Amino acid sequence: MSSTAAPAIEVHEVSKRFHVFKERPSTIKQRLLTSRARAVDFWALRDIDLEIGEGTTFGLIGHNGSGKTTLLKCIAGILRPTSGTIRQRGRLAALLELGAGFHQELTGRENVYLNAAFLGLSRRQTEGVFDEIVAFAGLEDFIDNEVKFYSSGMLVRLGFAVAVHVDPDVLLIDEVLAVGDEAFQAKCLDRIRTFQHEGRTIVLVTHALDTVIDICDRAAMLHHGELHAIGMPDDVVREMRYVLLGVTDPNFVPEEGTREAEIAEVQIVPPDGSPQGRILRGDTFTIAVDVRQNEPVDDLDVDFAVLDGATNYPVLDARTSRAGLDLGRFDKKRVRFRIEGFPYDPGKYWVTVGLSSRETGHLYHVQTQRYLFEVTDAPRIQDRVDVSVGVEVDDL
Amino acid sequence: MAATTQTVERTSESPHLRVGERLRVLVAHREILANLVRKELKVKYVASVLGAVWSLLNPLVYLAVFTFVTRVLGNGLPDYPVYLLSGLLAWNLFNASTIGGSRSVIDNANLVKKVAFPREILPLAAIGVALVDYGLQLLVLLVFIVATVGLHVPDLVLLPLAFVALLVFTVALTLWVAAVNVRYRDVGHLLNIGMLVWFWVTPIVYASGLVQQHLGDRTILKVLYFCNPLTAVVEGMHRALYVVETPAGGTSATWVMPLGSLALILLAVLVASMIFLRFTWGSFFARSGDFAEEL
């Protein structure tokens, strides 16, 4: 894509050490009485090497505490690396927080100018996009009110609206854009796509692995401060999912079997049928397994298991033979397992799918914990609803 | 877009201050400074009906009270309100800047941890706020002086010189306390006590002429007295704004010395302050890379 251009960001053998004080001396008195020995070294980053090409979108993933944000802060110049160098070309804006510098006593308008200044917009530039910002936030009627009268949702919208109107060559985005409702997030992704079309370099730190696959050109995964994987988003995300499993078994094989019959596709279909739909606790949803027979198989048994993403403990399974189904010989078939009301806690769940022989148990094809779905809690009621209240008075 | 892209390199080296380069960076970020000062002023006065009038009221009340008190109690120093305020306003600028500046980085911890911008802007904003107050109050004082006794033109040249010397020294000290306070929080308390002592060491409320008389011909002590940069600045302000003919045989309110000598002393303070500023700025700049970690 940009093989001729110099990379927008070069990270060369960057390490970052934090002194973690058990009891941090924060006054002169304490400093005199405390030896430095109490500080424990913590390496948030170790020997990170990265190149991010100009105009590309780079996803940075990893579990909490893996060093993603630290790396982002080093690139932004907020933190200084303990060793190594970072070379960065072009104007940079870092969105680590929405509404940086917002002050309660100022009006929405004044806060826009203040926040925009921190994001590198000049007063004139801000004036140029001011109406756009206000319209984007949908706050035309309130922009001259002090923000202390805003709801938290309005504040987030305003901060977001300023953030997406920045004009840098390189944009660093931390989890911040993952706020707000779904419509808002869609708006945000739209905006990121616009940034991409404008040829800006984007570094995205996120927990939303599907977003990384959707919009990133390349991705890297950090694990305990080390660069664990780097490459195409698909591969890095898959690696991330394996690591999330806590796989320590060196013999772990995600995929095995002799492939007389093959798993062609697996879809986890939420109740509303759309691929982006949510699965709430108690929802009925479907796991659809498309099976192809490469050679005639008479005794095919299709099964799946759902495992708790945190504990790896199997919580649910089913197989066609147990349901009394004989699939027979076929070219291609779709088996739909309908889960009637998923009873478990919100969280992430893995799906293992297998094709085997009913008689011998021989494995034709197994994909172990290849698929992931997330169960969310039913949304809390935020709007006022009519609740009938009975009133009784008793004589005492 | 690509034509003028500059490359930034970040290393583990604590950065070395190059004044010209850093000044350009600060100028490029002046919008943040302007916005922060505007914000502070707004927040300071927003909930009050009179707004910035409070800032003007302060010297007016001083003038009224001391005019009244000196009329009733008879003569201490002639035109004492003018003497007091010409020094006190300068002191207030210095005091508000250093105290405000010492807290500036800590109070904006969230910004420092989440946004990359030249950290000098935070203490500079505290100074900016104090400067606006100073400007308004000086205006009140000047109007009062013109209305009552009149300005003394040749001596007035000391005003800009004293002001610039004060400003450079204030910036230098403020940068230093702001940086040190991030690491050791009791610097703030120490500063409060230090400022109290400093206030009385400086001839603001009392007549420097009396000090001169007391010290007699002990030159070393006199030199020592003027080693306090605030003494030189306040003397400059007195000389520029407070004009009273000393009665024959009486004690002068201000230090008796030729105008040129005082100008030279102020010039020396200015030069020394600039050297001090280079040092404290460098130290602030070197430390500022670790602010996000320390907070």
**Request:** List every residue pair whose Cβ atoms sit under 7 Å apart, with the two residues 6 or more apart in sequence or on different chains, where the first one lies in region B:146-166 and is surrounded by 15 or more Cβ atoms within 10 Å (Cβ to Cβ) and the second, anywhere, is aliphatic (A, V, I, L, M) and not in a helix (DSSP H, G or I).
**Result:** B:VAL149/B:VAL243; B:ASP155/B:VAL243
**Condition broken by B:LEU151, with the remaining ones in (1) of a type outside the set (Ser, Thr, Tyr); (2) away from chain A (no Cβ under 14 Å); (3) closer than 29 Å to B:LEU23 by Cα satisfied** = (3)
**Prompt:** Residues of region B:33-53 being at pLDDT 75 or above and closer than 20 Å to B:GLN137 by Cβ, which ones?
**Reply:** B:VAL37, B:ARG38, B:GLU40, B:LEU41, B:LYS42, B:VAL43, B:LYS44, B:TYR45, B:VAL53
**Prompt:** Could you say which residue among A:ALA44, A:ALA76 is under 30 Å from B:VAL43 (Cα atoms) and either within 7 Å of another protein chain (Cβ to nearest Cβ) or not acidic (Asp, Glu) (or both)?
**Reply:** A:ALA76
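Which is of a type in the set (Gly, Ala, Ser) and farther than 25 Å from B:GLU31 by Cβ, of A:GLY120, A:GLY159, A:GLY153, A:GLY128? Talk me through it step by step, then tell me what you get.
Working: A:GLY120 fails: farther than 25 Å from B:GLU31 by Cβ; A:GLY159 fails: farther than 25 Å from B:GLU31 by Cβ; A:GLY128 fails: farther than 25 Å from B:GLU31 by Cβ.
After ruling out the rest, the residue left standing is A:GLY153.
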**Item:** Filter result (within 7 Å of chain B (Cβ to nearest Cβ) and closer than 30 Å to A:PHE149 by Cα) within region A:80-105
**Value:** A:ALA94, A:LEU96, A:GLU97, A:ALA100, A:GLY101, A:HIS103, A:GLU105
**Asked** If the Cβ limit is 6 Å and pairs must be 6+ apart or interchain, which residue in region A:317-332 that is in a strand (DSSP E or B) pairs with which residue that is at pLDDT 85 or above?
**Response** A:ASP317/A:ALA305; A:ALA318/A:PHE337; A:ARG319/A:ASP301; A:ARG319/A:ASP303; A:LYS332/A:ARG292
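The rows are residues; the columns are (1) at pLDDT 90 or above; (2) not in a loop (DSSP other than H, G, I, E, B).
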{"position": "A:PHE42", "(1), (2)": "no, yes"}
{"position": "A:ILE48", "(1), (2)": "yes, yes"}
{"position": "A:PHE58", "(1), (2)": "yes, yes"}
{"position": "A:ALA100", "(1), (2)": "no, no"}
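Anything in region A:84-96 that is of a type outside the set (Gly, Ala, Ser), crowded, with 20+ Cβ neighbours inside 10 Å and under 26 Å from B:ASN110 (Cβ atoms)? List them, or say none.
Initially, region A:84-96 is screened for residues of a type outside the set (Gly, Ala, Ser), giving A:85-89, A:91-92, A:95-96.
Next, only the ones that are crowded, with 20+ Cβ neighbours inside 10 Å stay: A:86, A:88-89, A:92, A:95-96.
Of everything in region A:84-96, those that are of a type outside the set (Gly, Ala, Ser), crowded, with 20+ Cβ neighbours inside 10 Å and under 26 Å from B:ASN110 (Cβ atoms) turn out to be A:ILE86, A:GLN88, A:LEU92, A:LEU95, A:LEU96.
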**Asked** Listed residues A:ILE202, A:ILE213; which is more than 26 Å from A:PHE42 (Cα to Cα) and modelled with pLDDT under 90?
**Response** A:ILE213
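Kindly establish whether A:GLU146 is touching a residue at least 12 places away in the same chain (Cβ under 8 Å), at the interface with chain B (Cβ under 10 Å from one of its Cβ atoms) and within 21 Å of A:HIS207 (Cβ to Cβ).
Numbers: touching a residue at least 12 places away in the same chain (Cβ under 8 Å): yes; at the interface with chain B (Cβ under 10 Å from one of its Cβ atoms): yes; within 21 Å of A:HIS207 (Cβ to Cβ): no.
Spelling it out, it is not the case that A:GLU146 is touching a residue at least 12 places away in the same chain (Cβ under 8 Å), at the interface with chain B (Cβ under 10 Å from one of its Cβ atoms) and within 21 Å of A:HIS207 (Cβ to Cβ).
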**Fill in**
Filtering region A:306-346 down to residues that are over 23 Å from A:ALA378 (Cα atoms) and among the polar types (S, T, N, Q) yields A:ASN312, A:THR320, A:SER321
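The values are calculated or read from the model by the stated rules, or taken from the named source; none is laboratory data. Values in this document were obtained by computation on a predicted structure and should not be read as measured data. Cβ coordinates were reconstructed from backbone atoms using ideal geometry, including for glycine residues, and neighbour counts include every protein chain displayed.
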